[in-house]
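Working notes, beginning with the structure itself.
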């Protein structure tokens, strides 16, 4: 019984966490050649796992350098950053639905 309660408790915590934070992936680009993964507060236009490229694709229908820079700038400026982690291509591909965009 204790194990079952522990499992349900962990599931509830993970669910609540996924509604309050975003894992925001910044791919390697000219200004940040190593890339970054940020754990940030959830914004109204972000998904649980998101990136500037996926936001541009979702909101504009395409990805370009201007949109990418504006998305990253807005997210970093507005959201509270809880953690800075190394770049994860796996998370980036999840955020873009498996698409990889040019640098």
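The values are calculated or read from the model by the stated rules, or taken from the named source; none is laboratory data. None of these values were measured; they are calculated from a predicted model. Cβ placement follows ideal geometry from the backbone for every residue including glycine, while neighbour counts extend to all protein chains displayed.
Data for the structure
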| read-out | value |
| --- | --- |
| From the options 101, 92, residue that is in contact (Cβ under 8 Å) with a residue 24 or more places away in the chain, over 11 Å from the mean Cα position of the chain (by Cα) and crowded, with 17+ Cβ neighbours inside 10 Å | 101 |
| Where a residue in region 31-51 is on the phi < 0 side of the Ramachandran plot and its partner, wherever it lies, is part of a loop (DSSP other than H, G, I, E, B) and modelled with pLDDT under 90, with Cβ under 7 Å and at least six apart | 34/28; 51/27 |
| Selection count, region 1-30, where residues are closer than 12 Å to residue 87 by Cα and in contact (Cβ under 8 Å) with a residue 60 or more places away in the chain | 6 |
| Residue within region 54-62 that is in contact (Cβ under 8 Å) with a residue 40 or more places away in the chain, over 22 Å from residue 20 (Cα atoms) and not in a loop (DSSP other than H, G, I, E, B) present | yes |
| Members of region 64-96 that are modelled with pLDDT of 90 or more and not in a helix (DSSP H, G or I) | 79, 80, 81, 82, 83, 84, 85, 86, 87, 88, 96 |
| Hits in region 70-86 (condition: under 19 Å from residue 42 (Cα atoms) and in contact (Cβ under 8 Å) with a residue 12 or more places away in the chain) | 71, 72, 75, 76, 78, 79, 80, 81, 82, 83, 84, 85 |
